[in-house]
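**Q** Below is one structure. I have some questions about it.
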Amino acid sequence: MKRALLIFTLVLTAFTLFANGQDESADGPVTLEFWTHEDPNRDAIETRYVEEFMASHPDVTVNRVTHSSKKIFELVLTAFAANAGPDIFNMQIEQAYSYIVNERVAPVDYLAAGFADASDMINQYVDGSLDSVIKDGDVYGMPLELNNWAVYVNKRVFADAGLDAEKDYPKTWEEMADISEKLVLRDGQIITRRGFDFRYPYYLISMIPMVEQLGGQLVSDDGKTAILGDDAWIKFLTYMQEWGPNGRNLGSPTYKNGRKLFNMDNNDMAMCLSGLYQGARIRSDNQEFYDSGDWMIIPYPTFENAVNDVASNFYGQYYMVNAQNSAKDIKTAWALTGYMMGHEEEYLEAVNIVPPTKKLMNSETFKNMPYSNVFVDDLARANVVYTAENGAKMEELVKEAVESVMLSGISPVQAHATLKAKAQELLDEM
Amino acid sequence: MGASAKPGRIERKLARWGVIFVTPSIIFFSIFSFYPIIMALYTSLFKKNLLSLKKPAFVGLSHYKYLFTSPDFWNSVEATFVFAMGTFLPLLVLSLALAAFIMSVPKAKRFFQMAYYTPAVISSVVSAAIWLLIFDPRGLANQWVNFIMNTPGIDHRWLANSMTVRISTMIVYFWKYVGYFVIIFISGLASIPPSMYEAARIDGADGWQSFWRITFPLLRPTVVLVSIMSMLQCLKTFSTQYLFTQSGAPQAPINVITLNIYNTGIRDFRIGRASAMSIILFIIMLFFTWLQFKLSKADDVSY
């Protein structure tokens, strides 16, 4: 028994000693764990930036790790829950917002990142692009990219259906359904070619603006009331019911992701919703199609009787730095982030993503990108995506409502009532 | 005195070796099972945000009270039981039938064992991904069913309809685990002495009578083992439902308790409430294990 107690004490002592082992002295070397989502085009340039940074900072080692974009959220979350989060990571603002409100990320070290102060940084970015990451006057994230979505059109599929994409492209959601009806091909009930389909997992970005066009809102401006504008919601849900397999059978969440099919140009997807970055992905997946000039980008449609002119919501990917680190690590992490994001033109040219600095948005490089004007015009009539701690749950509730009318035969009135009750309960719980 | 002390020493020695052999398992289970269960029980009494560094507030049993009045949680309980019953019973019955069939064809025994067991070695995520392709509207499931039923062009909506999506998850699970339980039944069948059947044959028993009077009673411990294992597997199903909902399938019909725990804890950061759900699931699993032992009564058999 005494021996067992002795062994237990020794093990405990060893754990205590090693638990403090990761503390680094103020003068010692710095090792940074840098987690980001997979993007082959971005990997190439960021790997080079990291190597350059380590060459100019011999005491710094950076371990850049990529994860699937679907998995990175839970990997970072579980790492932070265990107080072992990465030093630098990037995340979409709907997900990253909780890290700011829970004080898990450090404000930007402005000098280290290449700015004079907070206002200098805010002034260098496009208006509104940092709003979601500002808390008490400090900025907590550096934008890797700002995205809004427009409609990519395959002119060859239009021609195959006897349409001229340049003239016949849809301007309204009603036209979108009618033109999709002309483009769709089916084997019985099974769709073999879709005219257009939505990006179903992203309801807050792509579908809430449709409700807003009709005069509805997800959450009131004071954040206390959910699902405003009953008629708008019911009309939107009716539209989605008509879109689905129980209606005009134009698409469904269970079909393969439309934008991936679009790149391959296999005459099975005429239109899809995506950001400017899709251009680089078409180029990388199908150079011949990219160079052919047989694709174009059109603005996000509006309903015929829209009361608000809004386009797809915009969202950002932000680089953030773990606050549970020494001041030296935090400073070095922001220095690396600032160094990488100082190459904004290369991010645009090589990856087709837009770090939203005023300098880049006004540059010839940006203006010369194919169809960048469509995104800029849509951005002018876009709102930022809903960001709150309950954002993911709110998206789940909207998903449930849309899928219940599209797939489960629930009436739009009933789905709206359920959504309203659940969303209000969610807000009341906060 | 000396004669009586000797067996005591041997027993003590054996007991010491017993403790040595069992210790690694106890340590393993203590770290990876008992500790998490106790922590989950403790966490379920607090309102804790997974990301927050603030001290969680003690809320007592309020998470349990909330869950017992939450339609969302009751929907998960229903989804779990529908899945468990719809998968457990076919698994039990058909794996026994398949094992009996394989034992009756000794020449092809190895081939069938391998064929049925192969899916069991594939990870749950991979098997769900394979079936996602099969259940795609343009996938093999529609093609096979339409070919067999001569219904060209019909979309059976394997992932799009409340009822079919439930059946689809059951098919995936059945396909994955049937081979595993077949192997266990084959081991059980092989341990029954052939002399029993010979004696029965001499007494005039036919195959059906031999099965019900000899095989089934002597296989009872294996049946109990398989039923408990398959029921527990079904109650803790997760990957298939998770991947299906990620791929556009409606969530409500397949929102099993484990999926609800994941969404509540990881997506909504409510780790206190998620822990309460996991404790309830643990109690349900414990109850069914006890019930199956109780119903089976005899869990030992002698020849």
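The values are calculated or read from the model by the stated rules, or taken from the named source; none is laboratory data. Model, not experiment: these values are computed from the prediction. Glycine gets a Cβ as well: all are built from the backbone with ideal geometry, and neighbour counts include every protein chain shown.
**Q** Just one of the numbered conditions (1) within 23 Å of the chain's Cα centre (by Cα); (2) surrounded by 13 or more Cβ atoms within 10 Å (Cβ to Cβ) is not true of B:S187; which one?
**A** B:S187 satisfies every listed condition except (2).
**Q** I'd like to verify a number: residues in region A:401-414 that are in a loop (DSSP other than H, G, I, E, B) and not polar (S, T, N, Q), how many?
**A** Total meeting the criteria: 3.
**Q** Another question, then. Given the structure, is A:S132 in a helix (DSSP H, G or I), within 11 Å of chain B (Cβ to nearest Cβ) and modelled with pLDDT under 90? If you could, list the steps in order and put the result at the bottom.
**A** Working: in a helix (DSSP H, G or I): yes; within 11 Å of chain B (Cβ to nearest Cβ): no; modelled with pLDDT under 90: yes.
No.
**Q** Another one. How about region B:1-107: which helices (runs of 4 or more DSSP H) wholly inside it have at least 1 residues that are out of contact with any Cys (no Cβ under 9 Å at 6 or more places or on another chain), of a type in the set (V, I, T) and within 23 Å of B:L259 (Cα to Cα)? Spell out the reasoning first.
**A** Details: elements: B:2-29, B:35-43, B:62-68, B:71-104.
Helices (runs of 4 or more DSSP H) meeting the threshold: B:35-43, B:71-104.
**Q** Can you confirm whether region A:415-430 contains a residue that is more than 14 Å from chain B (Cβ to nearest Cβ) and either surrounded by 18 or more Cβ atoms within 10 Å (Cβ to Cβ) or not in a helix (DSSP H, G or I) (or both)?
**A** yes
Rundown of residues vs (1) closer than 28 Å to B:G265 by Cβ; (2) without any contact (Cβ under 8 Å) to a residue 60 or more places away in the chain; (3) touching a helix residue (DSSP H, G or I) at 6+ places or on another chain (Cβ under 9 Å), yes/no style:
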| site | (1), (2), (3) |
| --- | --- |
| B:G8 | no, yes, no |
| B:I20 | no, yes, no |
| B:I37 | yes, no, yes |
| B:T43 | yes, no, yes |
| B:T69 | yes, yes, no |
| B:F83 | yes, no, yes |
| B:F88 | yes, no, yes |
| B:A99 | no, no, yes |
| B:I102 | no, no, yes |
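**Q** Follow-up question, since we're still on this one. Give me the residue from region A:55-80 that is within 14 Å of another protein chain (Cβ to nearest Cβ) and surrounded by fewer than 18 Cβ atoms within 10 Å (Cβ to Cβ) and, out of that set, modelled with the lowest pLDDT.
**A** Looking at residues that are within 14 Å of another protein chain (Cβ to nearest Cβ) and surrounded by fewer than 18 Cβ atoms within 10 Å (Cβ to Cβ), I get A:K70.
**Q** Report yes if some residue within region A:332-355 is buried (at least 17 other Cβ atoms within 10 Å of the Cβ) and on the phi > 0 side of the Ramachandran plot; otherwise report no.
**A** Yes.
**Q** Which of the following residues is assigned to a strand (DSSP E or B) and out of contact with any Cys (no Cβ under 6 Å at 6 or more places or on another chain): A:V211, A:V151, A:V157?
**A** Result: A:V151 is the single residue among A:V211, A:V151, A:V157 that is assigned to a strand (DSSP E or B) and out of contact with any Cys (no Cβ under 6 Å at 6 or more places or on another chain).
**Q** Same structure again: Just give me the residues in region A:238-257 being under 17 Å from B:A249 (Cβ atoms) and at the interface with chain B (Cβ under 10 Å from one of its Cβ atoms), in sequence order.
**A** Result: A:G244, A:P245, A:N246, A:S252, A:P253, A:T254, A:Y255, A:K256, A:N257.
**Q** Tell me, yes or no, whether region B:190-211 has at least one residue that is away from chain A (no Cβ under 14 Å), crowded, with 18+ Cβ neighbours inside 10 Å and assigned to a helix (DSSP H, G or I).
**A** For region B:190-211, residues away from chain A (no Cβ under 14 Å), crowded, with 18+ Cβ neighbours inside 10 Å and assigned to a helix (DSSP H, G or I): absent.
**Q** Would you check which residues across region B:237-277 are more than 10 Å from chain A (Cβ to nearest Cβ), over 26 Å from B:M163 (Cα atoms) and either surrounded by fewer than 21 Cβ atoms within 10 Å (Cβ to Cβ) or hydroxyl-bearing (S, T, Y) (or both) and list them? Show your work before the answer.
**A** Step one: filter region B:237-277 for residues more than 10 Å from chain A (Cβ to nearest Cβ), giving B:237-243, B:254, B:256-261, B:272-277.
With the extra rule that they be over 26 Å from B:M163 (Cα atoms), the set shrinks to B:272-276.
Once the filter is applied, which keeps residues that are more than 10 Å from chain A (Cβ to nearest Cβ), over 26 Å from B:M163 (Cα atoms) and either surrounded by fewer than 21 Cβ atoms within 10 Å (Cβ to Cβ) or hydroxyl-bearing (S, T, Y) (or both), region B:237-277 yields only B:S275.
**Q** Would you confirm whether any residue within region A:299-315 is within 30 Å of A:L32 (Cβ to Cβ) and either among the aromatic types (F, W, Y) or in a loop (DSSP other than H, G, I, E, B) (or both)?
**A** Yes, the conditions are met somewhere in region A:299-315.
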